[in-house]
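Notes for the one structure printed next.
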Amino acid sequence: MHLCGNVVYILAHFTKISETFILREVVALRRIGVPVKVVALNRMCYDGLSPEEEACMQEALFVPQLFLPS
């Protein structure tokens, strides 16, 4: 049992090649049962992701640019 609430990552890009540690951290937290949401402005896709990492990419919420303030 975990005593923490939900974890939300708010990012400009998900997953940026230089910041794949965030993707791995999300996967690790989910493995131990922590609810994690990812919200990002831009989708970055790469080959060679594990099935769990692919699932994170599919579940992430990407905010359309037209809804952002100018």
*So for the pair Tyr9, Val39, with labels modelled 7 Å out along Cα→Cβ, what separation do we get in nm?*
1.6 nm
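Taking 0.36 nm per residue of separation and subtracting the Cα-Cα distance, what length does fully extending Glu54 through Ala28 add? Write down the numbers at each step before the final one.
Numbers: separation 26, 0.36 × 26 = 9.36 nm, distance 1.36 nm.
In short, 8.0 nm is gained.
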_Residues with amide H under 5 Å from that of Lys37, placed H, sequence gap 5 or more_ = Val7, Val8, Tyr9
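Computed from the coordinates by the stated procedures, all read-outs in this text should not be read as laboratory data. What you see is a predicted model, and the numbers here were worked out from it, not measured in a lab. As a convention, Cβ positions derive from the backbone with ideal geometry for all residues, glycine included, and neighbour counts pool all protein chains shown.
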